[in-house]
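To start, the structure itself, in structure tokens.
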Amino acid sequence: MKLRPISTNLTLKDHVYERLRQAITEVDIYSADADLRLDERSLAEQLNVSRTPLRDAISRLEAEGLVEVIPRKGVFLLRKTKDEILEMIVAWAALESMAARMATVHATDVEIGSLRKMISKHNHNKSATGISEYSEENIQFHLRILEISHCLLLKSMAEGLFLHMRAVRSQAMGEADRIKRSVVDHAEIIEALESRDADDAAVKVREHTMRLHEHVRKTWTRLELARKANAETA
């Protein structure tokens, strides 16, 4: 994980926290070969700060459930269990489906059109390539739906799930040819929004996210196996 140096001492603790949290969101923590250990010395050097503000930031991240401090072992990015991930996906589906419903009422034509621009370069022939690029655009697509709902509370609630949902979506996108299905789903979601059909938009978004739920439920057995292995070696 790479970080940019902190350039000012103004509210240094907050700067370190925000920079570290942002870097964590960019780590694919559910990848099988993900390096979950955080090297405090390396992080402090990259940020050009002492250990004190760094440890303060780590304490805040631990309180948020994003990292785990294990005595005599170090600091580790915290993966959710499979059951926890499934619950988060359900919660996200509920929030985003309501956001889609509200977007049919409150979003402008230009705002809805921005979603079509986001998917315009993807088609059935290209969707099997550029997994990393498409994964990021997929995440931005879903965040955009929350934004154009014009409901700040919905967006704020979803941000609490964002770190892990981003990682889950990123990891799952390259599995089981899910990009092709995603491209089709996104087009149908946009059509429902453009038609200002609140019920259809909400259903399309919810079904799209629940397909991710079903995929994780059926295939992500490695999380439970890793959890058992860690418990045995702890």
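The values are calculated or read from the model by the stated rules, or taken from the named source; none is laboratory data. The structure presented is a predicted model; accordingly, all values stated were derived computationally and were not measured. Glycine also receives a Cβ, built like all others from the backbone with ideal geometry; neighbour counts cover every protein chain displayed. All accessible areas refer to the heavy atoms of the entire protein, side chains included, with ligands and DNA or RNA removed. Shrake-Rupley method; radii C 1.70, N 1.55, O 1.52, S 1.80 Å.
Values as computed for the structure displayed
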{"item": "Residue satisfying all of: in the range 52-81; open to solvent by less than 50 Å² (accessible area, probe 1.4 Å) and β-branched (Val, Ile, Thr); modelled with the lowest pLDDT among these", "result": "81"}
{"item": "Residue in the range 43-51 that is open to solvent by less than 40 Å² (accessible area, probe 1.4 Å) and without any contact (Cβ under 8 Å) to a residue 40 or more places away in the chain present", "result": "yes"}
{"item": "Some residue of the range 126-140 being hydrophobic (A, V, I, L, M, F, W, C), in a helix (DSSP H, G or I) and open to solvent by 50 Å² or more (accessible area, probe 1.4 Å)", "result": "yes"}
{"item": "Hey, residue 156 in contact with a Ser or Thr (Cβ under 8 Å, 6 or more places away or on another chain) and of a type in the set (Ser, Thr, Tyr) or not", "result": "no"}
{"item": "The range 96-111, residues that are hydrophobic (A, V, I, L, M, F, W, C) and either crowded, with 22+ Cβ neighbours inside 10 Å or free of Cβ contacts under 8 Å to residues at least 24 places away in the same chain (or both)", "result": "99, 100, 103, 107, 110"}
{"item": "Residues of the range 210-229 classified as open to solvent by 100 Å² or more (accessible area, probe 1.4 Å) and at pLDDT below 50, total", "result": "1"}
